[in-house]
Amino acid sequence: MKIVVIGGTGLIGSKTVAILRQGGHEVIAASPQSGINTISGEGVKEAVAGAQVVIDLANSPSFEDKAVLEFFQTSGRNLLAAEAAAGVRHHVALSIVGTDRSDNGYFRAKVAQENLIRSSSIPYTIIRSTQFLEFLRGIADSSADGNKVRISPGLFQPIAANDVATIVAEVALAPPRGGVVEIAGPERVPFNEIVARYLKAVGDPREVVRDPEARYFGGRVEELSLVPLGEARLGRIGLDEWLRRSQAAA
Ligand SMILES: NC(=O)c1ccc[n+]([C@@H]2O[C@H](COP(=O)([O-])OP(=O)(O)OC[C@H]3O[C@@H](n4cnc5c(N)ncnc54)[C@H](OP(=O)(O)O)[C@@H]3O)[C@@H](O)[C@H]2O)c1
């Protein structure tokens, strides 16, 4: 089967491409560097020609509110129009658990991306994932206030990129759901506690402060803002196992 992975050089994209290629599929790892750009439209029509499945794993180079909204709207429109013309049979996209329940600029952009998919003519599956374990360092850095890291005690259930890619590849090969599949990591714990465990494990001396007012990408974090409310498919790799693997790979 011909499968196009938009953002095929990224964190989740590169892992998904490797899994699908191992399964014997013809996979295009699309990114601006390979001449396929969903913002300018360059190379998109040619890439999706003859493809049965397109997986959108692109991310915005800027997370600033206006830039990220423009990225997901323009990219989504260009890509879905090319897919409709090419007769693509399954569009898969990776969104975020809680996008529809939290108010922050990045989540609003992902809602816009999801809405474009729902109103297109292409059969689709939207996968909403919790935050990746690989993102913990970025979260700590963006929540840092000198030597203190302010994090909400709302619940958090991060998932390893390897688990995300495994599930994305499986979903892409299954029939379109015409709806949302939620995925999360195996452990559900207060956000501040998992960031503290992570920083301690990697020898980062910064102190995590439990702060119910601390924002995440500008949005408030209530107890259940960032975790699935209903049924979710769980990854297998928790924080300790992920740290062990990361340290072994370093
Ligand atoms: N971070 C999280 O915790 C989290 C949680 C749930 C869902 N998600 C979603 O997961 C998805 C993948 O995230 P990630 O961390 O794997 O992303 P990433 O590592 O930042 O990779 C982004 C990919 O997008 C490509 N890209 C950028 N601009 C493009 C364009 N104009 N046209 C085509 N491709 C373009 C990049 O190509 P180059 O390498 O050439 O720049 C790269 O391959 C995102 O949609 C994100 O919203 C993230």
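Within segment 69-128, the residues that satisfy the criterion of being of a type in the set (Asp, Glu) and either under 21 Å from ILE36 (Cα atoms) or modelled with pLDDT of 95 or more (or both) are GLU70, GLU83, GLU114. Filter segment 5-24 down to the residues that are in contact (Cβ under 8 Å) with a residue 60 or more places away in the chain and outside any helix (DSSP H, G or I), then identify the one that is farthest from the ligand (Cβ to nearest atom). Taking the candidates together, the pick is GLY23. Against the test of being in contact with a helix residue (DSSP H, G or I) (Cβ under 6 Å, 6 or more places away or on another chain) and within 15 Å of the ligand (Cβ to nearest atom), the options PRO153, PRO158 yield a single qualifying residue, PRO158. In the condition set (1) over 14 Å from the mean Cα position of the chain (by Cα); (2) at negative phi; (3) near the ligand (Cβ under 10 Å from one of its atoms); (4) part of a loop (DSSP other than H, G, I, E, B), ILE122 is compliant with all but (3). Taking segment 25-46 as the range and being in a loop (DSSP other than H, G, I, E, B) and either out of contact with any strand residue (DSSP E or B) (no Cβ under 6 Å at 6 or more places or on another chain) or near the ligand (Cβ under 8 Å from one of its atoms) (or both) as the test, the residues that pass are SER31, GLY35, ILE36, ASN37, THR38, ILE39, SER40, GLY41, GLU42, GLY43. Based on what the data block shows, is VAL171 part of a helix (DSSP H, G or I), in contact (Cβ under 8 Å) with a residue 24 or more places away in the chain and among the β-branched types (Val, Ile, Thr)? So VAL171 passes the test. Applying the criterion of being under 18 Å from the mean Cα position of the chain (by Cα) and polar (S, T, N, Q) to the residues of segment 45-73, the residue that is surrounded by the fewest Cβ atoms within 10 Å (Cβ to Cβ) is SER62.
The values are calculated or read from the model by the stated rules, or taken from the named source; none is laboratory data. As the structure is a prediction and not an experimental result, all values here were calculated from the model. No Cβ is skipped: glycine too gets one built from the backbone with ideal geometry, and neighbour counts run over all protein chains shown.
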